[in-house]
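Report on the following structure.
The values are calculated or read from the model by the stated rules, or taken from the named source; none is laboratory data. Just so we're clear, the structure is a prediction, and the values are computed from it rather than from any experiment. Cβ sites come from the backbone with ideal geometry, for glycine too, and all protein chains shown count toward neighbours. Protein only, heavy atoms only, side chains kept; ligands, DNA and RNA dropped before computing areas. Shrake-Rupley method; radii C 1.70, N 1.55, O 1.52, S 1.80 Å.
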Amino acid sequence: MARLRARGNRWCVLAWAVLALAACLALPAGLGHLRGAVPELPGSSSARAAALVVRGMPRLGTEQLVLAFDSPTLRAGEGPYRRAVTATARAMAAAPGVGQVLTVPDTPGVDPRHAYLIFGARGDADARQRLLPVWRATADHATATATGGRVTVALTGGTPVFTALRDADLRDLRYVEAVTVPAALLLLVLGLGSAGAALVPLVAAGLGVLVSAGSLAALTFLLPVDSMALTVATTVGFGLGLDYTLLVLLHYRRHRDHGLAPRAAADRARATAGRAVLWCAAAVLVTSAALLTVPLGFVRTMALATGLSTVVTAAVATTALPAVLPRLDRLPAWGRVRRGRPQRGRWERWAEHMMRRPWPYLLGAVAVLALAAVPAGDLRLGLRMDRTAIAHSAAGAGLARLERDGLADIALIALPHRAGTDPVDTTTLVDALHADPRVTTVGAVDNGRDLTVVTVTDRLPVDSPGARRLVHDIRSLATRTLPPGQPVYTGGPAATLADFVGALRSALWQVGALALAGSLLVMLVAFRSLLVPVKALAMNALSTAAAFGLLASLTRNTAGTVNLAVPLLALTIVFGLSLDYEVFLVHRITAHYRADGDCRRAVARGLSETARPITLAAATMAVVFAGLMATHRQDFRQAGFLVATAVLLDVTLIRLVVVPALMRLLGHRNWWLPRPLRRLLPPFPAAALPPQRPAPPAPVATSPAHPQGDPL
């Protein structure tokens, strides 16, 4: 790649221009096909129940949605109110995709100004989302026509709620961009010394975000893509884009300072920084690929979004940016905010200071991280629908109305039986459920062929721990009270969420183990060392645990529950980002060590050369993810706090203190590699070696060098 000539660079720029134009065309169309992050678990009890109901009682639909009526002046028993409900039921029965429409009977505790209709919504998740505006318009028109606006209606249920969350995500995403881009620009101006220099990584990162978001939008025509995946792709792409392009830009400027011509400096930056960028991207890809093993659609979509953003941003940094840097050679002089460029003197002094006193700094940093990690054991994980984000939507208002009236959830117990036999005897089960104070209404119906369905309405919000306990109790009670051997499948919103939460919990350890193993393999190949990867993984785990501890301390007095998707993101994104900074730092240290064999000098020089880009990249990354804390979504705020905190802890304590101190203490043992692995792994590339120039004298004698990583 470093040998690309001017003609190849022109084709490269043209190719990226075409991709950017295609992304601009794909984004508006693709955004209309985004879906909410609907929790679905194929093969679960709730999925089997839904499939049985659709097959055996198709009029009940794939999902049961609710029309919640309200009036400030009329009671539900008055004539105009009843006419509005009847007219709406008649209009909805004729609407496309609607099955049976049922009136919810009068229930004790329901507000007298409220009334409810339940109807079966047919089709898969995408079909229901497409029909949602039609159903909403039909209900609004029928209700308003019947009463002149004195009665209002809100459509609520799983699909309306998750669609409202999608719309809130898109609004928040625009707001986050409006906040984080100026903040990142200001930070880059201060860090790089001029507005011109700051615009280079900002525009390059923006190109990566545009192309990755456009690619994801195009995929909505082939795959179910949710709004959370777009948020992840945009945030990760912008953060990684700033990281990678900053590294290439700073290498280019250093080579220009050493007297290389613009084209030669760009080629050299592509060969040196580009290699580090590709290893960093490989680390993020490996950790995000662990999410593909989770059998949940929205988790796999997040993995796809993260991987796509990583590939695109790495490609921008290693192809598009080096191609245009020679033409932008004078741009960093524009809008200068300080004279000259910052020198590495303070970082060199810090590095030498660290080399003389590694133990106090190592023990102090580890103690701080360990203390911060202690509260992580009290982290309460769950899955909650963010009602704050949809409070002003019709779906959110209808959901709140249902929960206040004790009609929070409708569970369907599907009981298949052999065709031609009598319906399943549910008398004991129904009586036991009637006696449960959590249950509002219970009913049983048979299709006359091969399926009996028990409907249970309860008072508990579908995403509450109490609702999950009720689902467990219903399944246990059905097993005890129904005839022996009777298959039982429990569906409905609460049951679906309970199955979903169980799958997420079981996936945490699996994803963590795979991310660790993949990261170990990548760094083993990158550094031809066994101790460096093991040390890096241990330090990454410590900084991640510390970030979780701080998050637990924060949520203990605020939200209380941490969304289960947040740890999954942390095990992939946070781990991948931490490995980025490990690669930045250790790549330079290893290159210097391979060049002259002096471990102490290599650590000092590697730290002094990479401290500035690492701190600037980490600061911009923290700003980007901290922007998520300005959204209305509780899980986004938690993820933003966690990633920003983890990045800051990682760069201040791990990369600038713990890693250099440990490498100084381990000496040439850092690059010990067992002989069998030495034969399997490729040699350390000569292109990664730093330019040969006189090195400063070492202040003290060092251990004998082992340039090829021979065992001691």
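When Ala121, Ala125, Ala144, Ala137 are checked against the criterion of being over 31 Å from the mean Cα position of the chain (by Cα) and closer than 30 Å to Phe298 by Cβ, Ala137 stands alone in meeting it. The residues listed here are Pro224, Pro160, Pro201; of these, the one that is out of contact with any Cys (no Cβ under 6 Å at 6 or more places or on another chain) and open to solvent by 30 Å² or more (accessible area, probe 1.4 Å) is Pro224. For the range 483-582, the helices (runs of 4 or more DSSP H) that sit wholly inside it and include 2 or more residues that are open to solvent by less than 20 Å² (accessible area, probe 1.4 Å) and more than 27 Å from Ala281 (Cβ to Cβ) are 493-527, 531-556.
How about the range 292-404: which helices (runs of 4 or more DSSP H) wholly inside it have at least 3 residues that are farther than 30 Å from Val211 by Cβ? Lay out the reasoning, then the answer.
Numbers: elements: 297-315, 321-324, 345-356, 358-373, 394-404.
It comes to 345-356, 358-373, 394-404.
Checking each residue in the range 131-174 for being small (Gly, Ala, Ser), under 29 Å from Arg75 (Cβ atoms) and out of contact with any helix residue (DSSP H, G or I) (no Cβ under 6 Å at 6 or more places or on another chain) picks out Ala137, Ala144, Gly148, Gly149, Gly157.
Conditions tested, residue by residue: (1) over 35 Å from the mean Cα position of the chain (by Cα); (2) closer than 26 Å to Leu240 by Cβ; (3) surrounded by fewer than 15 Cβ atoms within 10 Å (Cβ to Cβ).
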residue: Pro295; (1), (2), (3): no, no, yes
residue: Ala305; (1), (2), (3): no, yes, no
residue: His353; (1), (2), (3): yes, no, yes
residue: Ala370; (1), (2), (3): no, no, yes
residue: Arg387; (1), (2), (3): no, no, no
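When the residues of the range 29-76 are filtered to those that are touching a Phe, Trp or Tyr at 6+ places or on another chain (Cβ under 8 Å) and of a type in the set (Val, Ile, Thr), the one that is nearest to Ala394 (Cα to Cα) is Val66. The conditions of being on the phi > 0 side of the Ramachandran plot and open to solvent by 10 Å² or more (accessible area, probe 1.4 Å) are met by Gly259.
Could you tell me whether any residue of the range 125-135 is part of a helix (DSSP H, G or I), at pLDDT 95 or above and in contact with a strand residue (DSSP E or B) (Cβ under 8 Å, 6 or more places away or on another chain)? Yes, that holds for at least one residue. Taken over the range 164-198, the criterion of being under 19 Å from Gln634 (Cα atoms) and either surrounded by fewer than 18 Cβ atoms within 10 Å (Cβ to Cβ) or β-branched (Val, Ile, Thr) (or both) is satisfied by Asp167, Leu170, Arg171, Arg174, Tyr175, Val176, Glu177, Val179, Thr180. If you go through the range 391-428 and keep only what is surrounded by fewer than 17 Cβ atoms within 10 Å (Cβ to Cβ), free of Cβ contacts under 8 Å to residues at least 60 places away in the same chain and within 37 Å of the chain's Cα centre (by Cα), you end up with Ala391, His392. Restricting attention to the range 583-593, the residues that are more than 21 Å from Ala515 (Cα to Cα) and open to solvent by less than 10 Å² (accessible area, probe 1.4 Å) add up to 5. Scanning the range 588-611 for residues that are at pLDDT 85 or above and outside any helix (DSSP H, G or I) yields a total of 1. Apart from one condition, Ala91 fits all of (1) in a strand (DSSP E or B); (2) among the hydrophobic types (A, V, I, L, M, F, W, C); (3) open to solvent by less than 40 Å² (accessible area, probe 1.4 Å); the exception is (1). Say whether the condition of being within 30 Å of Pro295 (Cα to Cα), in contact with a strand residue (DSSP E or B) (Cβ under 8 Å, 6 or more places away or on another chain), in contact (Cβ under 8 Å) with a residue 60 or more places away in the chain and not aliphatic (A, V, I, L, M) is met by at least one residue in the range 68-77. Among the residues of the range 68-77, not one is within 30 Å of Pro295 (Cα to Cα), in contact with a strand residue (DSSP E or B) (Cβ under 8 Å, 6 or more places away or on another chain), in contact (Cβ under 8 Å) with a residue 60 or more places away in the chain and not aliphatic (A, V, I, L, M), which makes the answer no. For residues in the range 526-561 being of a type in the set (Lys, Arg) and either modelled with pLDDT under 85 or in contact with a Phe, Trp or Tyr (Cβ under 8 Å, 6 or more places away or on another chain) (or both), which is nearest to Val583 (Cα to Cα)? Ranking the qualifying residues of the range 526-561, first place goes to Arg528.
A Cβ distance below 9 Å, combined with a sequence gap of six or more or placement on separate chains, defines the contacts here; from the range 376-388, residues that are small (Gly, Ala, Ser) reach residues that are open to solvent by less than 60 Å² (accessible area, probe 1.4 Å) and assigned to a loop (DSSP other than H, G, I, E, B) in the pairs Gly382/Asp463; Gly382/Ser464; Gly382/Gly560; Gly382/Thr561; Gly382/Leu564. Picking from residues in the range 95-108 that are open to solvent by 30 Å² or more (accessible area, probe 1.4 Å) and either within 14 Å of Thr159 (Cα to Cα) or touching a strand residue (DSSP E or B) at 6+ places or on another chain (Cβ under 8 Å) (or both), the one that is modelled with the lowest pLDDT is Pro105. Within the range 242-267, residues that are within 14 Å of Ala281 (Cα to Cα) and at pLDDT below 90 reach partners that are part of a helix (DSSP H, G or I) and among the charged types (D, E, K, R) with beta carbons closer than 9 Å, at six or more positions or on different chains, in the pairs Asp243/Asp580. Of everything in the range 130-143 that is free of Cβ contacts under 8 Å to residues at least 40 places away in the same chain and open to solvent by 50 Å² or more (accessible area, probe 1.4 Å), the residue that is nearest to Pro96 (Cα to Cα) is Val134.
The residues in the range 187-231 that are in contact with a Leu (Cβ under 9 Å, 6 or more places away or on another chain) and modelled with pLDDT under 85 can be counted, and the count is 4. Given the structure, is Arg438 within 33 Å of the chain's Cα centre (by Cα), more than 23 Å from Arg48 (Cα to Cα) and surrounded by fewer than 19 Cβ atoms within 10 Å (Cβ to Cβ)? Against the criterion (within 33 Å of the chain's Cα centre (by Cα), more than 23 Å from Arg48 (Cα to Cα) and surrounded by fewer than 19 Cβ atoms within 10 Å (Cβ to Cβ)), Arg438 does not qualify.
Does Ala367 qualify as being farther than 27 Å from Ile474 by Cα and either touching a residue at least 24 places away in the same chain (Cβ under 8 Å) or in contact with a Lys or Arg (Cβ under 9 Å, 6 or more places away or on another chain) (or both)? Criteria not met by Ala367. When each of Val18, Val13, Val53, Val38 is tested for being in a helix (DSSP H, G or I), open to solvent by 20 Å² or more (accessible area, probe 1.4 Å) and either modelled with pLDDT under 90 or closer than 25 Å to Asp450 by Cα (or both), the lone residue that passes is Val13.
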